[in-house]
Amino acid sequence: MFQPLVDVTQRARVDPFHDRTVRVTRCGRICIGKRKINLNQVFAGQILGLREFDDQIWLVSFLNYDLGFFDHRENRVEPGTNPFTPEKV
């Protein structure tokens, strides 16, 4: 019988590259404490990583992609730089 190397439920709790991991709700939100931040329904059920970038500013990542920054004062995720933008010549 096949057994995965890492239990999916354990992955949500332990991630060496992020300070914290959160699962996106079915309606596309991430919950940090009592805050509910709208992200996108596309990520419903997925696990996102949060890494503290600066004081009260968190980098939000999905797999190897940085999606943007969450600022506690603004209470929303602002997009980061697009990794697929062509380089200027």
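Eigenvalues of the Cα gyration tensor times 5, then square-rooted: what semi-axes does that give for region 19-89, in whole angstrom, largest first?
21, 15, 11
Taking label points 7 Å from Cα along the Cα-to-Cβ direction, Arg76 and Arg35 give a separation of 1.3 nm.
Every read-out reported here was derived from the displayed coordinates using simple, explicitly stated rules and does not represent laboratory data. What you see is a predicted model; the values in this text were computed from it and never measured. When we count neighbours, we look across all protein chains shown, and the Cβ atoms used for this are built from the backbone with ideal geometry, even at glycine.
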